[in-house]
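Engineer: Before I ask anything, let me first share the structure, which is written out below as structure tokens.
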Amino acid sequence: MDQRERALEVFRKYNETESLLRHALAVEAVMRHFAEKYGEDPDYWGTVGILHDVDYEKYPEQHCAKGKEILAKEGYDDAFIHAVVSHGYGLVTDVQPGRRMEKVLYAADELTGLISAAALMRPSKSVSDLEVSSLKKKWKDKKFAAGVDREVIKNGCEMLGMTLEDVMQETILAMRKASGAIGL
């Protein structure tokens with residue numbers, strides 16, 4: 001079993017909802033995309049993306065803390081666990097994203113939610129025709145996808161040294177690659 005299959009097995013062991021799986025696959029696609037962009041290991045980065053919310057369905061009040069326990073029990077190493085836990089920085093944990101991979105995950109987690117919501121509002125219900133300009137309009141409307149923490153996304157962009165528009169563009173492109181798997 002390769003690491004992706006193993007990650008999906010672990011994810012499904014702790015999560016049953018289809019929407020959370022689609023989110024994990026969207027984040028995986030973004031992580032793989034950025035790994036390729038930076039010349040890093042897309043399988044490793046993608047696995048971090050799949051498992052970043054491994055504890056969310058069963059333990060939402062202990063998000064990231066339970067993830068750390070689960071991933072250790074499942075045999076993931078400290079560096080992997082740190083990457084996963086750091087996506088909750090400032091929200092549910094004080095583990096700060098340090099490596100580039102962690103910064104991408106920090107920004108991408110919330111941004112995939114905004115992009116998914118924006119895509120579903122389109123007549124096509126797809127990311128295939130979503131452009132940054134349309135996403136920026138949705139971004140400015142604080143009532144749209146109100147649960148998406150825009151400050152986290154902005155902070156993630158700053159950590160990466162990228163503009164919001166560039167991170168949006170790369171994330172949309174990444175999600176297009178996985179549009180079938182994520183239902184968009």
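The values are calculated or read from the model by the stated rules, or taken from the named source; none is laboratory data. Model, not experiment: these values are computed from the prediction. Neighbour counts run over all protein chains shown; Cβ positions are idealised from the backbone, glycine included.
Engineer: Residues Leu71, Leu91, Leu51: which one is at pLDDT below 95 and aliphatic (A, V, I, L, M)?
Structural biologist: Working: Leu71 fails: at pLDDT below 95; Leu51 fails: at pLDDT below 95.
After applying the criteria, what remains is Leu91.
Engineer: Restricting attention to the stretch 45-62, which residues are in contact with a Phe, Trp or Tyr (Cβ under 7 Å, 6 or more places away or on another chain), surrounded by fewer than 21 Cβ atoms within 10 Å (Cβ to Cβ) and of a type outside the set (Lys, Arg)?
Structural biologist: Answer for the stretch 45-62, where residues must be in contact with a Phe, Trp or Tyr (Cβ under 7 Å, 6 or more places away or on another chain), surrounded by fewer than 21 Cβ atoms within 10 Å (Cβ to Cβ) and of a type outside the set (Lys, Arg): just Glu57.
Engineer: Let me ask something else about it. Could you list, in sequence order, all residues of the stretch 45-96 that are β-branched (Val, Ile, Thr) and part of a helix (DSSP H, G or I)?
Structural biologist: Of all residues in the stretch 45-96, those β-branched (Val, Ile, Thr) come to 47-48, 50, 54, 70, 81, 84-85, 92-93, 95.
Across the stretch 45-96, the qualifying residues are Thr47, Val48, Ile50, Ile70, Ile81, Val84, Val85.
Engineer: Name the one entry in Asp166, Asp77 that is at pLDDT 95 or above, over 15 Å from Val30 (Cα atoms) and loosely packed, with under 15 Cβ neighbours inside 10 Å.
Structural biologist: Selected residue: Asp77, the only one of Asp166, Asp77 that is at pLDDT 95 or above, over 15 Å from Val30 (Cα atoms) and loosely packed, with under 15 Cβ neighbours inside 10 Å.
Engineer: Further, regarding this structure: Could you tell me whether the stretch 128-145 includes any residue that is among the charged types (D, E, K, R), part of a helix (DSSP H, G or I) and in contact (Cβ under 8 Å) with a residue 40 or more places away in the chain? Give the steps one after another, and end with the answer.
Structural biologist: Going residue by residue through the stretch 128-145, those that are among the charged types (D, E, K, R) are 129, 131, 136-138, 140-143.
From what is left, the residues that are part of a helix (DSSP H, G or I) are 136-138, 140.
Those left that are additionally in contact (Cβ under 8 Å) with a residue 40 or more places away in the chain: none.
No, every residue in the stretch 128-145 fails to be among the charged types (D, E, K, R), part of a helix (DSSP H, G or I) and in contact (Cβ under 8 Å) with a residue 40 or more places away in the chain.
Engineer: Looking at (1) over 17 Å from the mean Cα position of the chain (by Cα); (2) of a type in the set (A, V, I, L, M, F, W, C); (3) crowded, with 16+ Cβ neighbours inside 10 Å; (4) more than 16 Å from Val48 (Cβ to Cβ), which is the one condition that is false for Val127?
Structural biologist: (1)
Engineer: Given (1) modelled with pLDDT of 95 or more; (2) surrounded by fewer than 16 Cβ atoms within 10 Å (Cβ to Cβ); (3) not small (Gly, Ala, Ser), where does Arg22 come up short, assuming only one miss?
Structural biologist: Of everything listed in (1) modelled with pLDDT of 95 or more; (2) surrounded by fewer than 16 Cβ atoms within 10 Å (Cβ to Cβ); (3) not small (Gly, Ala, Ser), Arg22 misses just condition (2).
Engineer: Closer than 30 Å to Ser133 by Cβ, surrounded by 14 or more Cβ atoms within 10 Å (Cβ to Cβ) and at pLDDT 95 or above, is that true of His33? Reasoning before the result, please.
Structural biologist: On the way: closer than 30 Å to Ser133 by Cβ: yes; surrounded by 14 or more Cβ atoms within 10 Å (Cβ to Cβ): yes; at pLDDT 95 or above: yes.
It is true that His33 is closer than 30 Å to Ser133 by Cβ, surrounded by 14 or more Cβ atoms within 10 Å (Cβ to Cβ) and at pLDDT 95 or above.
Engineer: Next question. Here's a check for you: in the stretch 139-163, which residue that is in contact with a Lys or Arg (Cβ under 9 Å, 6 or more places away or on another chain) and of a type in the set (Lys, Arg) is modelled with the highest pLDDT?
Structural biologist: The residue in question is Arg150.
Engineer: Got at least one residue in the stretch 4-13 being closer than 15 Å to Tyr106 by Cα, part of a helix (DSSP H, G or I) and out of contact with any His (no Cβ under 6 Å at 6 or more places or on another chain)?
Structural biologist: Residues of the stretch 4-13 closer than 15 Å to Tyr106 by Cα: none.
No, the stretch 4-13 contains no residue that is closer than 15 Å to Tyr106 by Cα, part of a helix (DSSP H, G or I) and out of contact with any His (no Cβ under 6 Å at 6 or more places or on another chain).
Engineer: Counting only residues that are in a helix (DSSP H, G or I) and free of Cβ contacts under 8 Å to residues at least 60 places away in the same chain, which one in the stretch 97-109 is farthest from Leu51 (Cα to Cα)?
Structural biologist: The first filter runs over the stretch 97-109 and keeps only residues in a helix (DSSP H, G or I), leaving 100-109.
If we keep only those that are free of Cβ contacts under 8 Å to residues at least 60 places away in the same chain too, we end up with 102-103, 106.
Numbers: Glu102: 13, Lys103: 16, Tyr106: 13 Å.
Applying the filter and picking the extreme gives Lys103.
Engineer: Of all residues in the stretch 22-36, count the ones that are without any contact (Cβ under 8 Å) to a residue 60 or more places away in the chain and either assigned to a loop (DSSP other than H, G, I, E, B) or under 11 Å from the mean Cα position of the chain (by Cα) (or both). Quick ask: steps written out before the conclusion?
Structural biologist: Going residue by residue through the stretch 22-36, those that are without any contact (Cβ under 8 Å) to a residue 60 or more places away in the chain are 24, 36.
So of that shortlist, the ones also either assigned to a loop (DSSP other than H, G, I, E, B) or under 11 Å from the mean Cα position of the chain (by Cα) (or both) come out as 24.
Total satisfying the criteria: 1.
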